[in-house]
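A short reminder: the numbers here are calculations on the coordinates, not readings from a lab. Nothing here was measured: the structure is a model prediction, and the numbers come from that model. Here the Cβ positions follow ideal geometry from the backbone for every residue, glycine too, while neighbour counts run over all protein chains shown.
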Amino acid sequence: MAVKKRKNESELLKEAIRVGARYFEARGAGKFEATDHVDMKVRAIYLLLVKDKIIQPLANKDENVQNMRHKLAIWIAKNLPADHQLLQ
């Protein structure tokens, strides 16, 4: 499955990780360290959001970090206010 990259996808991903990390911590799932690799954070946040039925899981064959990054970018884009600078 070819993933169509969104405009601002890297900035959206950064915001998704920031918000997702806060959710992850508030949910009692753990705490990320500054030294944790971004892909580890992406995977952990993605799996928690799927577990909590906040996002649809990827098909098994499409489950990789690249697609998880894209899924988190879409998730945050849908949850930002319409006038947010990342959506302009």
What's the tally of Lys pairs in the chain whose alpha-carbon atoms lie under 17 angstrom apart, where the two lysines are 8 or more places apart or on different chains? 18
Solvent-free Debye scattering, log10 I(q)/I(0), computed from the Cα coordinates of the chain at q = 0.13, 0.26 Å⁻¹: -0.40, -1.44
Quick one: length gained pulling Ala26 to Asn64 fully straight, 0.36 nm per residue minus the C-alpha distance? 11.1 nm
Can you compute the helix-only [θ] at 222 nm over the chain? Use -39500 (n - 2.57) per DSSP H run of at least 4 residues, normalise by all residues, nearest 500 deg cm²/dmol. -17500 deg cm²/dmol
Given R₀ = 30 Å, FRET efficiency for Ala34-Ala82 by Cβ-Cβ distance, to 0.05? 0.40
